[in-house]
């Protein structure tokens with residue numbers, strides 16, 4: 001994207017100095033632009049103002065420190081908040097729950113408390129008991145984008161509506177064909193949540209549509225797991241039934257691994273952007289439903305999302321996806 005290097009340098013500087021004094025003047029000077037010009041291009045590319053981004057990153061980092069056992073008051077001061085109440089208000093506005101409720105969730109997740117040597121929460125036994133018994137109804141640790149199970153046919157209708165909104169003149173015959181083939185291919189397969197596997201495929205396609213992807217990418221999204229999940233569908237069949245281009249996209253998504261993520265961070269990266277978008281849509285839906293995986297997998301997936309997906313989302317110019325991935329990840333860190 002335009003100004004990518006300047007924005008990437010700025011974000012890198014913010015991450016390395018997240019607890020230091022960060023002003024618009026300092027950040028603009030760091031990348032060699034005037035305050036007015038850099039403020040404008042940052043908001044255009046990232047979808048939020050420069051200082052809004054700094055505030056968001058501070059709150060996310062602060063939430064990790066609180067979850068790891070640091071005192072709320074100490075964390076608020078470290079991240080530049082002048083008052084405890086101001087920090088609590090900003091925290092709740094961002095995440096929908098207070099720092100104290102975040103601590104309660106951390107206690108519930110840890111299951112037990114260690115002493116000072118263990119580096120965890122230091123509280124009297126009666127305080128721990130009282131906090132564990134508090135009403136957790138308002139301390140929902142999952143973002144609003146998560147929903148209960150929806151029937152595949154309903155999801156498919158949502159997909160069609162989304163495509164028609166972004167591509168009103170497109171013939172959707174091939175999309176309908178792809179849906180029915182994918183539905184049959186995943187028949188009898190279920191996710192850990194208990195829902196039919198095809199629901200995940202359709203949700204990935206919906207996310208791609210909402211991102212403005214073309215029809216071929218959306219169809220590839222519907223098929224992104226048909227080979228990996230050992231269905232009877234082959235890459236050759238996709239080439240015959242649809243096109244070589246769609247088959248190649250599915251094949252590249254299937255073979256995508258850690259090495260590919262490393263390549264994306266290089267200037268001469270040859271990975272098709274559509275493949276990356278499909279992987280992002282897949283990860284986003286998986287993060288929305290991460291609570292159905294085994295708890296021991298939560299931190300691993302969340303850390304991977306923060307470390308790999310978020311920085312690349314910035315480079316690709318999809319800040320909204322980055323924000324949701326960050327929000328979802330911090331619930332499990």
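Please work out how much length the chain gains when fully extended from residue 51 to residue 26, using 0.36 nm per residue of separation minus the C-alpha to C-alpha distance, in nm with one decimal.
Gain in length upon complete extension: 7.9 nm.
Starting from the Cα of residue 82, step 7 Å along the direction of its Cβ; do the same at residue 170; then give the gap between the two resulting points in nm.
It is 5.0 nm.
Which order do 202, 35 fall in if you start with the one that has the fewest other Cβ atoms within 10 Å? List each step's numbers first, then the result.
Working: 202 25, 35 15.
Ordered by Cβ neighbours within 10 Å, fewest first: 35, 202.
Would you mind getting me the FRET efficiency between residue 272 and residue 324? Use the beta-carbon distance for r and R0 = 25 Å, nearest 0.05. Don't skip to the answer; put the middle values down first.
Details: r = 23 Å, r/R0 = 0.93.
With a Förster radius of 25 Å, E is 0.60.
What ranking do 231, 217 get, fewest neighbouring Cβ atoms within 10 angstrom at the top?
231, 217
For segment 190-333, take N as its residue count and report Rg(C-alpha) divided by 2.2 N^0.38 Å.
Numbers: Rg = 15.0 Å, N = 144, 2.2 N^0.38 = 14.5 Å.
Scaled against compact globular proteins, the figure is 1.03.
With labels modelled as points extended 7 Å from the Cα through the Cβ direction, what inter-label distance (nm, one decimal) is found for residue 34 paired with residue 189?
My value for the distance between the label points is 5.6 nm.
Once both labels are modelled 7 Å past Cα along the beta-carbon direction, what's the residue 232-residue 299 spacing in nm?
Label-label distance for residue 232 and residue 299, simple model: 4.4 nm.
Based on the alpha-carbon gyration tensor of segment 1-66 and its eigenvalue square roots a ≥ b ≥ c, which shape applies: rounded if a/c is under 1.5, prolate if not and a/b is larger than b/c, or oblate? Write down the numbers at each step before the final one.
On the way: a/c = 1.98, a/b = 1.66, b/c = 1.19.
Note, shape of segment 1-66 comes out prolate.
So if each residue of separation counts as 0.36 nm, and I subtract the Cα-Cα distance between residue 257 and residue 13, what length gain in nm does that give?
85.0 nm
Mind checking the full-extension length gain between residue 157 and residue 291? Use 0.36 nm per residue of separation minus the Cα-Cα distance, one decimal, nm.
On the way: separation 134, 0.36 × 134 = 48.24 nm, distance 2.58 nm.
Taking 0.36 nm per residue and subtracting the Cα distance, the gain is 45.7 nm.
For the pair residue 89 and residue 210, what calculated FRET efficiency results from E = 1/(1 + (r/R0)^6), where r is the Cβ-Cβ distance and R0 = 25 Å, to the nearest 0.05? Mind dumping the intermediate values first?
Details: r = 31 Å, r/R0 = 1.23.
Calculated value: 0.20.
Coordinate-derived values only; no laboratory data. The model shown is predicted, which means the values in this text are computed figures rather than measured ones. FYI the Cβ positions are ideal-geometry reconstructions off the backbone, even for glycines, and counts take in every protein chain you see.
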